[in-house]
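*Asks:* So that we are looking at the same thing, I have put the structure below in structure tokens.
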Amino acid sequence: MARIRCDFFSTALGMGTSMTVLLPEHGSAGIGMPGGASAADPPVLYLLHGLTDDDTIWTRRTSIERYVAPLGLAVVMPQVQRSFYCDEAHGNRYWTFLSEELPEVCRSYFRLSDRREDTFVAGLSMGGYGALKWALRRPDRFAAAASLSGALDVARRRHHPTTPLDPAVWHTVWGDRDVAGPEDDTMALLERAGDDLPALYVACGTEDFLYEDNTRFVDTARRRGLPVTVDFGPGDHDWAYWDARIQDVLAWLPLPGDG
């Protein structure tokens with residue numbers, strides 16, 4: 001794999017930002033590191049970080065580069081600060097950056113497929129929320145979307161009795177507006193979703209403080225008859241869990257040539 005830390009100017013944000021990108025290589029990439037590139041433009045996974053992290057975290061806390069090397073899969077990991085992948089009320093336009101600008105920027109810099117069947121999104125915690133929100137708002141763009149320990153019910157999380165969302169983060173991202181119902185509410189988006197959704201995957205550890213939010217999301221999907229792959233089992237909100245689960249997600253993705 002080629003690992004690229006890309007610093008660039010974002011028009012949507014009006015400032016410089018960064019992303020970390022993994023690109024497939026032909027043949028062997030070194031001892032014990034097979035290549036998986038094909039002649040075609042590679043499929044791409046947008047892999048989103050959590051609240052306290054940045055675009056480098058997946059490569060520092062997991063072996064994502066080693067996991068994707070034989071798959072011929074490119075991975076794009078953008079930086080969005082603590083924005084919940086939203087156009088912030090008192091900040092910047094991170095939803096616009098993510099959903100509109102980033103894919104175009106990536107395809108202008110790198111050779112990547114732009115076909116729906118070759119495009120995937122996943123993330124952990126805040127990034128799990130961002131991944132499913134992106135897939136539910138733009139189902140035409142993705143073949144599959146996965147959430148690991150996602151903050152999947154932010155409207156309820158605001159006033160949760162034991163683990164509420166940080167009021168300072170809430171004020172920056174949403175200000176005084178009510179999240180319930182609009183475009184940033186994944187539960188409401190799920191209620192309104194049509195039948196042509198990407199494949200959905202939801203994983204969360206049973207010891208995780210977000211476990212109840214994840215079960216509510218899954219219950220809503222099932223009540224609506226929407227298919228979702230579910231992985232609930234022992235685990236907490238930590239990198240040991242996410243390192244294991246991202247391998248499961250990669251095995252689950254409907255990559256070209258599978259089946």
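The values are calculated or read from the model by the stated rules, or taken from the named source; none is laboratory data. Please read these numbers as outputs of a predicted model, since none were measured by experiment. Cβ: placed from backbone, ideal geometry, glycine included. Neighbour counts: every protein chain shown.
*Asks:* Show the residue pairs that are 6+ apart or on different chains and have beta-carbon atoms under 7 Å apart, the first residue being within region 51-75 and acidic (D, E) and buried (at least 21 other Cβ atoms within 10 Å of the Cβ), the second being outside any helix (DSSP H, G or I) and modelled with pLDDT of 95 or more.
*Replies:* Qualifying pairs under 7 Å: D55/S18; D55/M19; D55/T20; D55/H49; D55/M77; D55/P78; D55/Q79.
*Asks:* Further, regarding this structure: Against the condition under 21 Å from the mean Cα position of the chain (by Cα) and buried (at least 22 other Cβ atoms within 10 Å of the Cβ), how does V173 come out, does it pass?
*Replies:* Yes, satisfied.
*Asks:* Here's a follow-up. In region 148-175, what count of residues is obtained for those that are under 18 Å from W95 (Cα atoms) and either touching a residue at least 24 places away in the same chain (Cβ under 8 Å) or of a type in the set (V, I, T) (or both)?
*Replies:* 12
*Asks:* Still on this structure, please answer the following. Evaluate the following for A89: is it surrounded by fewer than 18 Cβ atoms within 10 Å (Cβ to Cβ) and either over 13 Å from the mean Cα position of the chain (by Cα) or within 19 Å of R177 (Cβ to Cβ) (or both)? Steps first, please.
*Replies:* On the way: surrounded by fewer than 18 Cβ atoms within 10 Å (Cβ to Cβ): yes; either over 13 Å from the mean Cα position of the chain (by Cα) or within 19 Å of R177 (Cβ to Cβ) (or both): yes.
Taking the combined requirement at face value, the residue satisfies it.
*Asks:* Let me ask you something else. Determine if region 48-64 includes at least one residue that is more than 20 Å from D238 (Cα to Cα) and touching a helix residue (DSSP H, G or I) at 6+ places or on another chain (Cβ under 9 Å). Even if it seems obvious, please write down each step before you answer.
*Replies:* Keep residues of region 48-64 that are more than 20 Å from D238 (Cα to Cα), which gives none.
Checked region 48-64: no residue is more than 20 Å from D238 (Cα to Cα) and touching a helix residue (DSSP H, G or I) at 6+ places or on another chain (Cβ under 9 Å).
*Asks:* Being of a type in the set (A, V, I, L, M, F, W, C), under 21 Å from P182 (Cα atoms) and out of contact with any helix residue (DSSP H, G or I) (no Cβ under 8 Å at 6 or more places or on another chain) is the filter here; which residues of region 98-134 pass it?
*Replies:* M126, A131 - these are the residues of region 98-134 that are of a type in the set (A, V, I, L, M, F, W, C), under 21 Å from P182 (Cα atoms) and out of contact with any helix residue (DSSP H, G or I) (no Cβ under 8 Å at 6 or more places or on another chain).
*Asks:* Listed residues A151, A146; which is more than 26 Å from R115 (Cβ to Cβ), among the small types (G, A, S) and either at pLDDT 95 or above or not in a helix (DSSP H, G or I) (or both)?
*Replies:* A151
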